[in-house]
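Below is one structure, written out as structure tokens; comments come after it.
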Protein chains: 2
Amino acid sequence: MRPKMTRKPTHPGEIVKHDYLEPLSLSVTALSARLGVSRKTLSAIVNERAGVTPDMALRLSRAFNTSPELWLNLQRGYDLWAAEQTDTGWRKVEPVPSVALRK
Amino acid sequence: MRPKMTRKPTHPGEIVKHDYLEPLSLSVTALSARLGVSRKTLSAIVNERAGVTPDMALRLSRAFNTSPELWLNLQRGYDLWAAEQTDTGWRKVEPVPSVALRK
DNA sequence: TGACATCGTAACCTTGAGCGTTACAATAGG
DNA sequence: CCTATTGTAACGCTCAAGGTTACGATGTCA
């Protein structure tokens with residue numbers, strides 16, 4: 001029984017950086033202009049200080065010819081991991097009886 | 001070539017309602033207590049006036065013995081659809097040249 | 001070395017979502 | 001008639017995302 005102790009998931013910004021900016025010799029400034037967002041916004045994502053919103057996912061998908069889901073899936077993994085690390089009391093939630101029994 | 005004109009995706013709140021609350025004769029009040037959130041918060045989700053956050057996905061997954069991804073995937077589909085319907089200029093984003101060529 | 005591009009970020013402001021509490025009116029059931 | 005359940009409004013709080021402007025640090029190149 002594995003503890004399911006997954007490590008920090010890859011942040012979409014890392015992909016933008018390593019798989020697109022660097023290979024294509026694209027500058028943050030140039031890409032931000034192409035995406036139609038401020039340099040600050042893209043910089044924050046690339047430096048993992050902000051997440052990819054649905055709107056940004058659409059922009060990235062058009063710029064790099066990918067599916068918007070690709071970006072949102074990466075973001076979801078990251079956000080979920082972050083939420084798991086935060087104690088908000090969610091671990092105290094017990095299964096609904098009938099559901100547990102149905103098992 | 002289909003225009004990919006998908007219709008409004010199912011909101012996670014609808015699933016909570018039809019697949020859990022009703023079958024299990026659970027009241028919004030009872031479930032909210034079990035999830036450890038306010039009645040208002042759960043009500044908003046069930047009535048599709050709010051989305052499922054990563055934290056809520058974790059709570060739902062524990063309560064119903066599902067994966068948190070299940071809920072976040074539903075939410076992602078809904079949010080992406082909503083973003084597509086909104087004109088923020090994302091449709092004007094052009095593919096990065098080198099990417100287009102590599103095709 | 002000097003001119004210019006790029007970058008990360010801070011400071012400031014606005015908008016909007018999520019969540020909580022309290023309270024009220026409408027419904028449904030026993 | 002009494003009670004449980006509900007949706008929601010009214011408030012208040014916190015936080016994320018986005019924009020603009022500006023500054024200092026680095027790097028490149030003629």
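The values are calculated or read from the model by the stated rules, or taken from the named source; none is laboratory data. Keep in mind it's a predicted model, so treat the numbers as computed, not measured. All Cβ positions, glycine included, derive from the backbone under ideal geometry; neighbour counts span all protein chains shown.
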> Would you pick out the residues in the range A:16-51 that are in a helix (DSSP H, G or I), within 13 Å of DNA strand D (Cβ to nearest atom) and under 13 Å from residue B:95 (Cα atoms)?
Replying inline: A:31, A:32, A:33, A:34, A:35
> Identify, please: which residue in the range B:17-72 is of a type in the set (Phe, Trp, Tyr) and more than 19 Å from residue A:82 (Cβ to Cβ) and is, among those, surrounded by the most Cβ atoms within 10 Å (Cβ to Cβ)?
Replying inline: B:64
> Going by the conditions given, is residue A:96 touching a residue at least 12 places away in the same chain (Cβ under 8 Å) and of a type outside the set (Gly, Ala, Ser)?
Replying inline: no
> Applying the selection to the range A:82-93, what residues are facing chain B (nearest Cβ under 7 Å) and either at pLDDT below 95 or in a loop (DSSP other than H, G, I, E, B) (or both)?
Replying inline: A:88, A:89, A:93
